[in-house]
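> The structure follows.
The values are calculated or read from the model by the stated rules, or taken from the named source; none is laboratory data. Nothing here was measured: the structure is a model prediction, and the numbers come from that model. Ideal geometry is used to build each Cβ from the backbone, glycine not excepted, and the neighbour counts take in all protein chains shown.
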Amino acid sequence: MNNEQQAPGATGTTPHKKRKILFPGSFDPFTIGHQSLVSRGLAFADEILIAIGINEQKKGYFPVEERIAAIRALYENDPRVEVCTYDTLTVDLARQTGANIILRGIRSVIDFEYEKNIADVNRSISGIETIFLLAEPEHAHISSSVVRELLHFGKDVKMFIPPIIQDRLLNKKDI
């Protein structure tokens, strides 16, 4: 894939380097907080690759194939957003796909401490930077793990999940 392209509306012959963000996570399920980060991340990049990490030791709440299909359906009309899975180091996937930035969301100081350490290691082994976007206040309490716990106890989680994701995932779980 060519990372050089002419910026929209540019008149010179100097191409700009395509900015591609990698947004890794389990997205089990993809929440309105994740959706907000993708929307806001697009202000910094030409495209975002949502990468669902595969961990064979963990059984997800929703099957990976269903998560992929649901997220693709959410962004089917936005060619700037792609979805994939991976089972390697995040920085290796970034290199393989031409992503030059990793995107992470921060909801709290606890998230920051954890994410900063990973970002430091990623930068030291690859040179790839991580940008942190703070969760919008109305989304700061939302996490996939909280949504899964609420689902486990039969609670309504529709306020935390984009409508297309609800249709694709929640209806299959008879919630």
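> All but one of (1) crowded, with 16+ Cβ neighbours inside 10 Å; (2) at pLDDT 95 or above hold for I164, so report the exception by its number.
Here I164 meets the rest and fails (2).
> If you don't mind, there's one more thing I want to ask. Of all residues in the range 134-160, which are among the β-branched types (V, I, T) and not in a helix (DSSP H, G or I)?
Of the residues in the range 134-160, the ones among the β-branched types (V, I, T) are 142, 146-147, 157.
The answer is I142, V157.
> Now a separate question. Here are the criteria: (1) among the polar types (S, T, N, Q); (2) within 15 Å of the chain's Cα centre (by Cα); (3) at pLDDT 95 or above. Tell me which single one N122 does not satisfy.
Among (1) among the polar types (S, T, N, Q); (2) within 15 Å of the chain's Cα centre (by Cα); (3) at pLDDT 95 or above, the lone unmet condition for N122 is (2).
> A follow-up question, please. Among the residues of the range 43-58 satisfying the criterion of being surrounded by fewer than 16 Cβ atoms within 10 Å (Cβ to Cβ) and not acidic (D, E), which is nearest to K17 (Cα to Cα)?
Filtering the range 43-58 down to residues surrounded by fewer than 16 Cβ atoms within 10 Å (Cβ to Cβ) leaves 43-44, 54-58.
Cutting the leftovers down to not acidic (D, E) gives us 43-44, 54-55, 57-58.
Details: A43: 15, F44: 13, I54: 30, N55: 33, Q57: 38, K58: 37 Å.
For the range 43-58, the residue satisfying everything is F44.
> Right, next: Can you tell me which residue is surrounded by the most Cβ atoms within 10 Å (Cβ to Cβ) among those in the range 19-35 that are over 8 Å from the mean Cα position of the chain (by Cα) and more than 20 Å from F62 (Cβ to Cβ)?
I21
> While we're on this one: For the list (1) within 19 Å of the chain's Cα centre (by Cα); (2) over 22 Å from A69 (Cα atoms); (3) surrounded by 15 or more Cβ atoms within 10 Å (Cβ to Cβ), I need the number of the one condition that N117 fails.
The one condition N117 does not meet is (3).
> Out of everything in the range 59-71 that is in contact with an Asp or Glu (Cβ under 9 Å, 6 or more places away or on another chain) and over 24 Å from R40 (Cβ atoms), what residue ends up being surrounded by the fewest Cβ atoms within 10 Å (Cβ to Cβ)?
In this case the residue turns out to be V64.
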